[in-house]
1. Among the residues of the stretch 161-180, which ones are out of contact with any Leu (no Cβ under 8 Å at 6 or more places or on another chain) and either under 19 Å from Asn288 (Cβ atoms) or of a type outside the set (A, V, I, L, M) (or both)?
2. Identify all residues within the stretch 357-410 that are crowded, with 17+ Cβ neighbours inside 10 Å, free of Cβ contacts under 8 Å to residues at least 24 places away in the same chain and assigned to a loop (DSSP other than H, G, I, E, B); write none if there are none.
3. Which residues, taken from the stretch 187-224, are over 20 Å from Lys131 (Cα atoms) and out of contact with any strand residue (DSSP E or B) (no Cβ under 8 Å at 6 or more places or on another chain)?
4. Please work out if Tyr301 is of a type in the set (Phe, Trp, Tyr) and assigned to a loop (DSSP other than H, G, I, E, B).
5. Given (1) surrounded by 14 or more Cβ atoms within 10 Å (Cβ to Cβ); (2) at pLDDT 95 or above, where does Glu321 come up short, assuming only one miss?
6. Pick from Gln36, Gln73, Gln61: which is polar (S, T, N, Q), out of contact with any strand residue (DSSP E or B) (no Cβ under 7 Å at 6 or more places or on another chain) and at pLDDT below 70?
7. Output the qualifying pairs, or none if there are none: Cβ atoms under 6 angstrom, residues six or more apart or on different chains, first residue in the stretch 307-319 and in contact (Cβ under 8 Å) with a residue 40 or more places away in the chain, second residue assigned to a helix (DSSP H, G or I) and of a type in the set (A, V, I, L, M, F, W, C).
Amino acid sequence: MSYIQTFVISLAICAFASRVSASPQCANPPRHFDAQLPLQSQQCVDTKDGLRLSQDVQSFQHPLWSHKPTCAQRKGQEYCTYTTSELRGGHALSIIATPVAADAIAAAFLALKKDDQSNDSGLEVRSFPGKGKGLVTTKAVKKGERILLDSAHIIASSHFPTQVTRSQGKALFSAAIDQLPQADRALVLGLDQSLGGSKVEDIMKTNAFACQLADGDADDAYMCLFPSVARINHACQPNAHARFVPKTMSMEIKAQRDIAAGEEIDISYGRIDLKHADRQTLYQEGWNFGCACPLCTASEYEKTGSDQRRARFAQLRKMLENLTVETYDAQQIVAWEKEVMEIGQREGLETMLAQDYERLAYVYAGHGMVKDARRWAKMAKESLLEWVVVDGGPDNQIRRVEGLLRELDG
């Protein structure tokens, strides 16, 4: 077996762990985060309620924090609310995390430059019957163009609710809101609520996105609140794509197709390749709404056809990911991949196709078809840069594709 065949099979064995959904961070919030808010009562330690609240704020001075941290501790694990003392990217940031994680996150926040500032020009918030408020573009947007760059205003550990009491959790969340500047606080408190609990808890559960950050040695998971992105409604075949940028702690929204002036912007809150029943269950359980987007309100004939194509898409992907030495067949792989791409284009799944372009590049390279291999490799690189790769995020796939292009050009 050739090196190229072995490599294509190794891609299948790895199952492309870096596969992308609508947004790597725009998935359903972790269930334990949802289940633990409102917070469950647990045994407290230290003081009566386990809290060390800010006292004498006027005399508190710190190079990073504007307020004395509010902390809760249990069994040696401490979580605190910190708020930045300076604006970066045009706003402040409140963090609920361990001290080690907060230091690492704050260092990244303070390293932000003017170019990293949030940008929501050309957008308006409007009301839509049955959907509440949504975001509309006031100008035409081309496919691939950035629509919005929104910075996190609150970052909260998704583990901390299991480590504190209900009253401690409320105090930490309240401090995160209260310590923000007035303008930032108003943006956050004006967001929708739908899942119950205290106002701040409900806002976080309804609007926050899962995100991964460089947090020192804490190795935690986080929920990030982006107020402008939170105004964007869901659609199962969205006109925009969301991706989290770890380096700048921001969420970028890009046009997935050409969008006309006056058109509402929408993104997918979960995986974009799910079938109708699975989507309805996901959004009802995760966000407490039944999806009424054009795809979900289409005729039964159209919904059945879409479900069949998506089922075939998943089946083809599974077969490609399960390739072995015995089942490797270049012609079959090419046929399967072209079918994947046809379905992807019809169902609006183009943001997921970088791995398929890459696989075809290696197959053609293995048969000495350099021109075709180079074409698919370039498409893979363009797709990765357009929809997947971000500053501070994983870059193994793009480095691999660039390496292949260098070999093909050599």
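1. Answer for the stretch 161-180, where residues must be out of contact with any Leu (no Cβ under 8 Å at 6 or more places or on another chain) and either under 19 Å from Asn288 (Cβ atoms) or of a type outside the set (A, V, I, L, M) (or both): Thr162, Gln163, Phe173, Ser174, Asp178, Gln179.
2. Val389
3. Correct list: Gly197, Ser198, Val200, Glu201, Ala214, Gly216, Asp217, Asp219.
4. Working: of a type in the set (Phe, Trp, Tyr): yes; assigned to a loop (DSSP other than H, G, I, E, B): no.
It is false that Tyr301 is of a type in the set (Phe, Trp, Tyr) and assigned to a loop (DSSP other than H, G, I, E, B).
5. That leaves (2) as the condition not met.
6. Result: Gln36 is the single residue among Gln36, Gln73, Gln61 that is polar (S, T, N, Q), out of contact with any strand residue (DSSP E or B) (no Cβ under 7 Å at 6 or more places or on another chain) and at pLDDT below 70.
7. Phe313/Ile343
Each row is one residue, and each column tells you yes or no for (1) within 22 Å of Trp387 (Cβ to Cβ); (2) in the same structural domain as Ile95 (by TED's automatic domain parsing); (3) at pLDDT 90 or above; (4) out of contact with any His (no Cβ under 8 Å at 6 or more places or on another chain).
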residue: Leu149; (1), (2), (3), (4): yes, yes, yes, yes
residue: His153; (1), (2), (3), (4): no, yes, yes, no
residue: Val188; (1), (2), (3), (4): no, yes, yes, no
residue: Glu201; (1), (2), (3), (4): no, yes, no, yes
residue: Cys224; (1), (2), (3), (4): yes, yes, yes, yes
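The values are calculated or read from the model by the stated rules, or taken from the named source; none is laboratory data. Only a predicted model underlies this, so the values are computations on that prediction, with no experimental measurement involved. Note that each Cβ is placed from the backbone with ideal geometry, even for glycine, and that neighbours are counted across all protein chains shown.
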